[in-house]
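Colleague: Input: one structure, supplied below.
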Amino acid sequence: MSGYDLRDISIHTFKDVYADSFKFLNLQWIEEFFIVEEEDLKILSNPKSYVIDKGGEIFFALSEGEVIGTSAMVFARPKVFELAKMSVDKTFQGQGVGRILIEASITFAKEKDAKEIFLITNDKLIPALNLYKSSGFNVDLDYDDNRYERGNTKMKLDLDKGETI
């Protein structure tokens, strides 16, 4: 699909009907670059209990009724959320869908009075790193997360400092 307009993209919050798309889109990129890990399967197989029921949210970008991207805001601790499991269908990558998902995620965190958003990524995912940096995230040298073998870069957005996209 090409020639679409970003104005045709709508953002929706989690519904059970979107759960399979959440899993599919994330497995697509993970399997392309890495190995699916136990932590991946926990969240992808149980998004409602792992994210929603704990105070987080999952966002879905839809075009013509089809899920083309997703991102999760996972409650980490009071005032802190993790931006996780962000994925955009290959057909739509590089066209602004990821930015729309990040904006929805940051808005959600602000509405919850969060002070910080962090994410775990890998330094070989250059387009993703560039998107995160341009959205106000900075590399956090205090890397303290060992849930993923592939995770070698932690980034955070300090909402207290007024950093915004």
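The values are calculated or read from the model by the stated rules, or taken from the named source; none is laboratory data. Everything numeric here is computed off the predicted structure, so don't read it as measured data. A quick note on method: Cβ atoms are made from the backbone with ideal geometry, for glycine too, and the neighbour counts reach across all protein chains shown. To get the accessible areas, we keep the full protein, side chains included, count just its heavy atoms, and leave off ligands, DNA and RNA. Shrake-Rupley method; radii C 1.70, N 1.55, O 1.52, S 1.80 Å.
Colleague: What is the range 13-77 by shape, rounded, prolate or oblate, if you read a ≥ b ≥ c off the alpha carbon gyration tensor as root eigenvalues and call it rounded for a/c under 1.5, prolate for a/b larger than b/c, and oblate otherwise?
Modeller: The shape class here is oblate.
Colleague: I'd like the FRET efficiency for Glu38 and Asp8, computed as 1/(1 + (r/R0)^6) with the beta carbon distance as r and R0 of 41 Å, rounded to 0.05.
Modeller: 0.65
Colleague: Count the net charge of all other residues whose Cβ sits under 14 Å from the Cβ of Lys48, scoring Lys and Arg as +1 and Asp and Glu as -1.
Modeller: Net charge in that neighbourhood comes out at +1.
Colleague: Another one. Roughly how many Å² is the accessible area per residue of the chain, as a whole number, for a 1.4 Å probe?
Modeller: Dividing the accessible area of the chain by its residue count gives 52 Å².
Colleague: Among Ile126, Ile117, Ile106, which one shows the biggest mean-square fluctuation in a GNM of the chain, springs joining Cα atoms closer than 10 Å?
Modeller: Ile126
Colleague: Further question on the same structure: Remind me, relative contact order of the chain in percent, using alpha carbon pairs under 8 angstrom and six or more residues apart?
Modeller: 19
Colleague: At 0.36 nm per residue, and after removing the present C-alpha to C-alpha distance, how many nm does the segment from Asp53 to Lys133 gain when stretched out fully?
Modeller: 25.9 nm
Colleague: Also: For the range 1-117, count the residues as N, evaluate 2.2 N^0.38 Å, and divide the Cα radius of gyration by that value, please.
Modeller: Expressed relative to 2.2 N^0.38 Å, the Cα Rg reads 1.02.
Colleague: If you don't mind, another one. Using the charge dipole of the range 1-153 (Lys, Arg: +1 at Cβ; Asp, Glu: -1 at Cβ; taken about the Cα centre), state which of Gly55, Thr91, Ile43 has its Cα farthest towards the positive end.
Modeller: About the Cα centre, the residue reaching furthest to the positive side is Gly55.
Colleague: Would you please name the GluC sites (Glu not before Pro) within the range 57-149 that are DSSP coil residues with at most 12 other C-beta atoms within 10 Å of their C-beta?
Modeller: Here the sparse-neighbourhood loop sites are Glu64, Glu149.
Colleague: A follow-up question, please. What size of dipole, in debye to the nearest 20, comes out for the chain about its Cα centre when the only charges are +1 on Lys and Arg C-beta atoms and -1 on Asp and Glu C-beta atoms?
Modeller: In total the dipole reaches around 260 debye.
Colleague: Now, a different point. Of the heavy-atom accessible surface of the range 12-109 (probe 1.4 angstrom), what whole percent is carbon and sulfur?
Modeller: Carbon with sulfur: 52 percent of the solvent-accessible area.
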